[in-house]
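Engineer: Below are the structure tokens for one structure; questions will follow.
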Amino acid sequence: MEKRITVLGGDGIGPEVMTQAIKVLDAVGLRFGHTFHYDYQLIGGAAIEETGHPLPDETTASCTESDAVLLGAIGHPKYSDPTLKIRPEQGLLAIRKELGLYCNVRPVTAYSGLLDMSPLKNERIKGVDFVIYRELIGGIYFGESGRSEDGKYAFDKCEYYDHEIERIVRKSFEEAKNRRSHVTLVDKANVLESSRLWREVFDKVSAEYPKVETDYLYIDNACMQMILNPRRFDVVVTSNIFGDIISDEGSVIAGSLGLLPSASIGEHFSLFEPVHGSWPEGAGFDIANPFAMVLSAAMMLQHFGLFEEAEAVKQAVNTCIEQDYLTADLNTIASKSCSEVGSYLSALLTAKTLA
Ligand code: IPM
Ligand code: MN
């Protein structure tokens, strides 16, 4: 198979973890006989530095001509002041919107070799395996917003059309069929009208999937249940902002934000990026955990229909965990560098013994 991939390293540790994902993809190509062509482009703070714009037209054009997009991380300390007119995060929101990536998939897994890394009790998180379906291009993130002239009043509108809800809810039910057949809708339907629309649409779609069990949780309760009883979750579907919040909470179960990958899927395009940010303080030291980026690349392989290949990448990550071949966030005593972990993953993938 031959694929063209737009590579957006972005800011901070983004380019470093991306280098490891590319090593891994090249190893997959070698072992399974695929060719991946990479087109490197700018986004975020790095793009502002070069072009004055967080999402240059050339970047968008490349993404629309590729089979998929890989993204490292976005966020730059020079532009961290949220009152600035031009900020790196705008590049991320714009690329999601322009590519129509409405469905953001964020799996949360408790690896048995890493249970001690979580501040939560082992017996509570053992076996946790759920996936968050976060709506990504609507809601309060993209509604009308503004500020009065005297600066004393501000607003952000949370807006959803039924069709925007339906397409992601449908995706979550399709996913549930391949898993434990349970979908939880997380909302705030006791207060918000938009949440009541989510429930209506959810019930309508649910009727088409009689074998899939469902329940609803209010966002405040869901945050609590995720800590008290995370094994109760299989597929969670929710709005943009609620999904943003609970996915960071989910990383506490995994033990490190450096472990969570994500896939953002639209009708025509797809983008794969870690849940974590750009960690500017860690940039340049070769200490970031590349797993989230590498596992995002595995989600891309899966999206291409390369299931055996995706499984091999996940297996290589598992082997690193079992052998304690880990970066400092997961191994404080004898840690490996970001590039050492990347090289080891690629060596595991090309090793004959694995084949
Ligand atoms: C995420 C991030 C982004 C979001 C930020 C950087 C705009 O937190 O992908 O979860 O809020 O969507
Ligand atoms: Mn977030």
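Engineer: Starting from segment 310-336, take each residue that is over 14 Å from Pro261 (Cβ atoms) and list its partners that are acidic (Asp, Glu), counting only C-beta distances under 7 angstrom and pairs at least six apart or across chains.
Structural biologist: Asn331/Asp324
Engineer: Name the residues in segment 273-328 that are within 16 Å of ligand 2 (Cβ to nearest atom) and of a type in the set (Asp, Glu), would you?
Structural biologist: Within segment 273-328, just Glu273 meets the criteria.
Engineer: Within segment 227-249, track down each residue that is in a helix (DSSP H, G or I), charged (D, E, K, R) and more than 10 Å from ligand 1 (Cβ to nearest atom).
Structural biologist: Arg231, Arg232, Glu249, listed by residue number.
Engineer: Also, I was wondering about something else. Which count do you get for residues in segment 139-159 that are touching a strand residue (DSSP E or B) at 6+ places or on another chain (Cβ under 8 Å) and touching a residue at least 24 places away in the same chain (Cβ under 8 Å)?
Structural biologist: Counting residues in segment 139-159 that are touching a strand residue (DSSP E or B) at 6+ places or on another chain (Cβ under 8 Å) and touching a residue at least 24 places away in the same chain (Cβ under 8 Å) gives 1.
Engineer: Sticking with this structure for a sec: What's the total number of residues in segment 296-335 that are surrounded by 14 or more Cβ atoms within 10 Å (Cβ to Cβ), outside any helix (DSSP H, G or I) and among the β-branched types (Val, Ile, Thr)?
Structural biologist: Residues meeting the conditions: 1.
Engineer: Let me ask you something else. Among the residues that make up segment 206-215, is at least one of them surrounded by 19 or more Cβ atoms within 10 Å (Cβ to Cβ) and under 27 Å from Pro119 (Cβ atoms)?
Structural biologist: Looking for residues that are surrounded by 19 or more Cβ atoms within 10 Å (Cβ to Cβ) and under 27 Å from Pro119 (Cβ atoms), one finds none in segment 206-215, hence no.
Engineer: If we only count helices (runs of 4 or more DSSP H) wholly inside segment 8-87, which ones have 3 or more residues that are of a type outside the set (Ser, Thr, Tyr) and crowded, with 22+ Cβ neighbours inside 10 Å?
Structural biologist: Correct list: 14-32, 44-51.
Engineer: Next question. Please work out if Ser172 is hydroxyl-bearing (Ser, Thr, Tyr), touching a residue at least 40 places away in the same chain (Cβ under 8 Å), within 22 Å of Val128 (Cβ to Cβ) and part of a helix (DSSP H, G or I).
Structural biologist: yes
Engineer: Could you please find all residues in segment 231-246 being under 22 Å from Gly113 (Cβ atoms) and either within 13 Å of ligand 2 (Cβ to nearest atom) or surrounded by fewer than 23 Cβ atoms within 10 Å (Cβ to Cβ) (or both)?
Structural biologist: Across segment 231-246, the qualifying residue is only Arg231.
Engineer: For the structure I just gave you, tell me whether Arg170 is in the same structural domain as Asp220 (by TED's automatic domain parsing), over 30 Å from Thr51 (Cβ atoms) and out of contact with any helix residue (DSSP H, G or I) (no Cβ under 8 Å at 6 or more places or on another chain).
Structural biologist: No, not satisfied.
Engineer: Specify the residue that is surrounded by the most Cβ atoms within 10 Å (Cβ to Cβ); the eligible residues are those in segment 90-116 that are over 19 Å from Thr327 (Cα atoms) and among the polar types (S, T, N, Q).
Structural biologist: That would be Asn104.
Engineer: Continuing with the same structure: Check whether at least one residue in segment 260-279 is part of a helix (DSSP H, G or I), within 13 Å of ligand 1 (Cβ to nearest atom) and either at negative phi or modelled with pLDDT of 95 or more (or both), and report yes or no.
Structural biologist: no
Engineer: Using the structure shown, decide if Val252 is within 16 Å of ligand 1 (Cβ to nearest atom) and closer than 23 Å to Gly127 by Cβ.
Structural biologist: When the stated conditions are applied, Val252 passes them.
Engineer: Determine if segment 304-320 includes at least one residue that is under 18 Å from Gly113 (Cα atoms), touching a His at 6+ places or on another chain (Cβ under 6 Å) and not aromatic (Phe, Trp, Tyr).
Structural biologist: Within segment 304-320 (the criterion being under 18 Å from Gly113 (Cα atoms), touching a His at 6+ places or on another chain (Cβ under 6 Å) and not aromatic (Phe, Trp, Tyr)), the answer is no, since none of the residues qualifies.
Engineer: Lys204 - would you say it is assigned to a helix (DSSP H, G or I), in the same structural domain as Asn122 (by TED's automatic domain parsing), of a type in the set (D, E, K, R) and at pLDDT 95 or above?
Structural biologist: yes
The values are calculated or read from the model by the stated rules, or taken from the named source; none is laboratory data. If you're wondering where the values come from, they're calculated on a predicted model, not measured in any experiment. Here Cβ is always computed from backbone atoms with ideal geometry, including for glycine, and neighbour counts include all displayed protein chains.
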